[in-house]
Each structure stands twice: as C-alpha cells, then as structure tokens.
C-alpha cells in the first residue's frame, strides 16, 4: 500500500516540545479563556460535540471475514476522563485560536471519544502551539512569530480548575493526553496534582507519545515524584506512558522519543499487557474510505474488499506490542504479524513522512501511538475505574 501523509502532520509535537512546555516560564497578556462557555470545550457530558461522533468499527478477522462492532457512550459512567489533544491545529498563527476546526474534531474522534464507554468525557479547547509554528521551527515551513509556549498550559490549568469546581463533584479522574497534550498534562500533574488532595482522585494518567523518566530500576521518581508507573491493570493512581516504533525500524540515535537519561529510563507501559495480560494489541485504526480521516488512514484492508465503510477498523491478531529497552531507548515495539495465509493487509500506516516522501524514522509510529492500542486503553480505563471505585 502507498503510504502518504500530509507534510502538515510531520510537525506533531515532539518530546522536545513537551519538554519546553514542562519548563516554560514566559508570560502573555492574552485574555483568559472563559471555560463556562461550552463552545470552549470539544466534549462535555451535556454537550458532547466531538465526542458524539460515529465510532462504529468493522472487525476484519484473519480469514478475511468481517463483523460490525457498534459503540455507544455509557450514560451512567462512574468516573471522568479529562483529555488534552496533540498538536493538530492548522491555524496560520503560532498559537491556535479557540474555534475548533475539522482537525480538532477528528483527533478527538480518533483518540478520545471511545473512552466514553467507560467515563464521562471532558476535552477543553486550548490555544496550543500550532502545526504551522512547529513546521517553521523544524525548517519545514515559513517562519512565523514566536509561539507563546506558556499559553497552552495556562489554558489547560484554567479548564482543569473550572472542571474541578463545576463538574467533578469528587469523582475519580483518568487523565489522557498525546504528544503536546501529554506534555501539558505532565506539567499539570507536577504543579497542580501531585502532593495535593486531588491526587487521591486520580484513577490513572495516560501520557502517550511523549517521554517521561524514572530512575533506573525504580517505578517512581524522576519526572513525577509521587505517582508511580502502572504495573498491573488493577493499579490506580499511576502512570501509563509509551512511545511506539516499528519492530523493523527502531529509534535511530537522533530520535527524541523514548530516550533514556543518565541513570534514568524512559517509561514504557504495554497497554495490552496491563489491560488483558498479553501482547496482542486491540487497535482501532482509521479507515481511509470515510471522509475526514486523512492523516493516518488506509484502505483496502482485505485484498479485493474495498467496501468497508465504518470510520474505524479492528484487525485482531495483526499487531503485537512489547516494551523494549535497548540501553539508549525504551519504547513500545510494534510488530505487524505478516502471514501469507492471512488475506488482510500487511501494511499499516502511521509513520511521519519527510518532505521528500521518505519515512522520518525518529518519529516512529507517532501518528498511531493511541490508535494502535485504543481498545486496550479503553479496557484498561474500565479496569482501573472499577479498582478505584472498589476502594471508595
């Protein structure tokens, strides 16, 4: 299959961006966002917006047969999920505005809305560093004004505080973020959650597609001083984090993702192991035959069958994941289990592409960090929610 990705998506926030967000100390005179206005949220329980999308999935089995998997939000969800999305804004300014475009809606549909089967969903808009600014910083676009790297964090803090004061009512919370969003949430945990009363309400923090560290041989310390790495699916108050690479394209020496430090290790938690005790990933991948999916979608899934028309496709047994530490990097190694007797595609999209059409190996499978394990993350959220509630 021909894998083509828009150059726009080569600038999704890197671990370097996440590190900048963790240490940003600049200040801006921009007005604060009014999070009492529901239009400044992509998802709220009483105004689902992006979380009200069609999430039905076609299961494509290893014999080529298909089945429809329907989806519905859980109206009585016992815990909340608070999500910060990655760098997707196509605004031409260095920081995005507060008007949601198709890109914001699509990433929520792809990465977050499915968790509505286990939790109430909250996803604030925020004035993130845009793709335009990141492309310019990486030398892949026209120069723009310098982005305000403090603004995204301030917006999310304000949204978080509004949520706690007006929606939470003492409920358990699962934090979910990818890439730039994971960097913002990491800083929120450090400054606003750890060591404070609200830490007892954290069911887990899923910080995906960004690098967090723990001291070698330990499960706590490093990036986070109090919250440990999740070691089982029933553990709560812990961190789930990984970056993903193909098994046959490991991170090159120049990669920023999953890099170990001096005396520290990048966190890698295998969501399939935590959720179900095995390495088979429960992926929900975007289907290119449905309008709106352009960044990491593909088709056909089975030779001679291009009629699949659900927005997502599941391919049981096709992908497996295993946490690997090669000394320099710690990451989730994803293998496509090619089988000559399996009529399904052996080509899975998800690489970031350079301007010349070559794969940027340093980014790994960044575009599908979340999708490759979406079903596992949902299952894990349910397990952790039940474990949390059993302790209350």
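Read the figures in this text as sums done on the coordinates, not as results from a lab. Owing to the predicted nature of the structure, the values given are computational and were not obtained by experimental measurement. We place every Cβ from the backbone using ideal geometry, glycine too, and count neighbours over all the protein chains shown.
Derived from the Cα gyration tensor, the three semi-axes of the equivalent ellipsoid of segment 238-371 are 27, 18, 13 Å, largest first. Taking the centroid of alpha carbons for each part, segment 330-356 and segment 50-93 are 21 Å apart. Residues of segment 165-185 with an amide N closer than 18 Å to a point placed 7 Å from the Cα of residue 47 along the Cα-to-Cβ direction: 165-168.
Distance from the Cα centroid of segment 375-392 to that of segment 240-275 is 24 Å (rounded to whole angstrom). For segment 183-261, taking the reciprocal of the average inverse distance between every pair of different Cα atoms yields a Kirkwood hydrodynamic radius of 13.6 Å.
Per residue, the Cα convex hull of segment 131-230 amounts to 115 Å³. How high is the relative contact order of the chain, in percent, counting Cα pairs under 8 Å that sit 6 or more residues apart? This gives 20 percent for the chain. Top mean-square fluctuation among 364, 237, 101, Gaussian network model of the chain, C-alpha springs under 10 Å? Of the options given, 101 has the highest mean-square fluctuation. The largest-to-smallest principal axis extents of the Cα set in the chain are 57, 53, 45 Å. Taken over segment 168-219, the percentage of Cα pairs per 5 Å bin, counting from 0 up to the bin with the maximum distance, is 5, 19, 24, 26, 18, 6, 1, 0. Length gained on full extension, residue 161 to residue 328, computed as 0.36 nm times the residue gap minus the Cα-Cα distance: 56.3 nm. The calculated 222 nm mean residue ellipticity attributable to helices in the chain amounts to -5500 deg cm²/dmol, summing -39500 (n - 2.57) over DSSP H runs of n ≥ 4 and dividing by all residues.
Between 203, 229, 302, the Gaussian network model of the chain with springs among Cα atoms under 10 angstrom shows the greatest mean-square fluctuation at 302.
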